């Protein structure tokens, strides 16, 4: 009887171990070889690297010449430079190429279909993870789920669903006259109404909460510098979101709105265009991230009017664009935590990499720029253990360029190889 019990105990241990070993052996193994790798953790370039990928994760990073696992598929990238996939913390993936009154013709189902197209374009541009900060009718939730289910190719997505805002504010819809009684789905006024709206968007699938703390450039009838929502409303919103484990992103251009949002406890300020010394000091003390879209100005001023943006919006951008870039330089030098956020959807999808050159132009070193666009954004998203670096245990999100991005930041606009979760989408 004792022998039988002992045999059963041994079997109960050995069988699961054998099953685990068999499962691991069944996972596909791929080996990437490349002349160069940007090590975002160590902050240096490594040469002659070999990355072993098992399933969707990185198993080991070594040197060319190390032993290759039996049966592994080898992908030799030659002289290319590999790096972690970029992480964009401010996108609008279902954004359509229509602005102002032209945007009124885009239905929610059509937005979702645009999103499916945009997701593929964005992934192939080397953006392997995004935080989407507002979409109509929860089309971003549908897109995230479709990507996760394998229905369409696209980056990993954290989504906000409907952005929250006050009546008549940047997150409302102000293009139609009063007889239409049009109001955006995220509009809520007063602390308890705001709390209820946070609960609602979480109910329908939001991973993150986004609200408008000031006016905006592309909205009608408001000023980017003017605060929207009182401190009381912002505090209630942030408390409710954090209660449910959701991080909070605040759209904020103006100084007063930025400071109020920081006081309320938001996790990130989006745009952060008009800063004073106090706002920079507050952000540093609170550990608040800035996600600043400093490429957008180029596109809006050169292409916006002919693509349907309101003349009012062009004038707003003329007034604020340079100030935002100057604020970026001061905030970075002041020690504020930075994420890589581009406002994709305002400019054509897939052009995210154009902002990398702007980061360098306005004060970052080439290494800090790539660390911001990988580890910085990953940490803001709470995904620092899974993405942002080519290290053992993290998702195999790896991209490559032909040239040296430290000498020419435009290389980020010419990504030639894209792997997400161990699957190669470009450069096979």
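The values are calculated or read from the model by the stated rules, or taken from the named source; none is laboratory data. In this text, all values refer to a predicted model and were calculated from it rather than measured experimentally. So basically every Cβ, Gly included, is an ideal-geometry build from the backbone, and we count neighbours across all protein chains shown.
Please go through the stretch 203-216 and give me each residue that is out of contact with any helix residue (DSSP H, G or I) (no Cβ under 6 Å at 6 or more places or on another chain), buried (at least 18 other Cβ atoms within 10 Å of the Cβ) and not in a strand (DSSP E or B), ordered by number. Passing the criteria: 206, 207, 215, 216. State whether one or more residues within the stretch 372-392 are within 18 Å of residue 34 (Cα to Cα), assigned to a loop (DSSP other than H, G, I, E, B) and in contact with a helix residue (DSSP H, G or I) (Cβ under 9 Å, 6 or more places away or on another chain). Yes: the stretch 372-392 contains one or more residues that are within 18 Å of residue 34 (Cα to Cα), assigned to a loop (DSSP other than H, G, I, E, B) and in contact with a helix residue (DSSP H, G or I) (Cβ under 9 Å, 6 or more places away or on another chain). Residue 151 meets each of the listed conditions (1) touching a helix residue (DSSP H, G or I) at 6+ places or on another chain (Cβ under 9 Å); (2) surrounded by fewer than 16 Cβ atoms within 10 Å (Cβ to Cβ); (3) at pLDDT below 95 apart from (3). Residues in the stretch 19-49 that are exposed (fewer than 13 other Cβ atoms within 10 Å of the Cβ), in contact with a strand residue (DSSP E or B) (Cβ under 8 Å, 6 or more places away or on another chain) and at pLDDT below 95: 24 alone. The residue that is farthest from residue 343 (Cα to Cα), among those in the stretch 311-326 that are surrounded by fewer than 19 Cβ atoms within 10 Å (Cβ to Cβ) and in contact with a helix residue (DSSP H, G or I) (Cβ under 6 Å, 6 or more places away or on another chain), is 314. When residue 400 is tested against (1) assigned to a strand (DSSP E or B); (2) closer than 21 Å to residue 251 by Cα, only condition (2) is not met. For residue 400, state whether it is in the same structural domain as residue 45 (by TED's automatic domain parsing) and closer than 21 Å to residue 155 by Cβ. When the stated conditions are applied, residue 400 passes them.
So, residue 272, is that one touching a helix residue (DSSP H, G or I) at 6+ places or on another chain (Cβ under 9 Å), assigned by TED's automatic domain parsing to the domain that holds residue 98, within 28 Å of residue 348 (Cα to Cα) and surrounded by 24 or more Cβ atoms within 10 Å (Cβ to Cβ) or not? Judged against the criteria, residue 272 is a match. For residues that are surrounded by fewer than 24 Cβ atoms within 10 Å (Cβ to Cβ) and in a loop (DSSP other than H, G, I, E, B), tally how many sit in the stretch 223-253. Number satisfying all stated conditions: 7. Of the residues making up the stretch 419-428, at least one is modelled with pLDDT of 95 or more, in a strand (DSSP E or B) and buried (at least 24 other Cβ atoms within 10 Å of the Cβ). Can you confirm whether the stretch 103-112 contains a residue that is touching a residue at least 40 places away in the same chain (Cβ under 8 Å) and either in contact with a helix residue (DSSP H, G or I) (Cβ under 9 Å, 6 or more places away or on another chain) or under 26 Å from residue 424 (Cβ atoms) (or both)? No, there is no match, as no residue in the stretch 103-112 is touching a residue at least 40 places away in the same chain (Cβ under 8 Å) and either in contact with a helix residue (DSSP H, G or I) (Cβ under 9 Å, 6 or more places away or on another chain) or under 26 Å from residue 424 (Cβ atoms) (or both). The residues on offer are 112, 119, and the sole one that is at negative phi, buried (at least 24 other Cβ atoms within 10 Å of the Cβ) and assigned to a helix (DSSP H, G or I) is 119. When residues in the stretch 60-102 are screened for being surrounded by 18 or more Cβ atoms within 10 Å (Cβ to Cβ), modelled with pLDDT under 95 and not in a loop (DSSP other than H, G, I, E, B), 1 of them pass.
The numbered conditions (1) buried (at least 21 other Cβ atoms within 10 Å of the Cβ); (2) not in a helix (DSSP H, G or I) are all true for residue 350 except (1). Looking only at the stretch 143-178, residues that are more than 17 Å from the chain's Cα centre (by Cα), part of a helix (DSSP H, G or I) and within 23 Å of residue 382 (Cα to Cα) come to 1 in all. Residue 335: touching a helix residue (DSSP H, G or I) at 6+ places or on another chain (Cβ under 7 Å), assigned to a loop (DSSP other than H, G, I, E, B) and surrounded by fewer than 16 Cβ atoms within 10 Å (Cβ to Cβ), yes or no? Spelling it out, residue 335 is indeed touching a helix residue (DSSP H, G or I) at 6+ places or on another chain (Cβ under 7 Å), assigned to a loop (DSSP other than H, G, I, E, B) and surrounded by fewer than 16 Cβ atoms within 10 Å (Cβ to Cβ).
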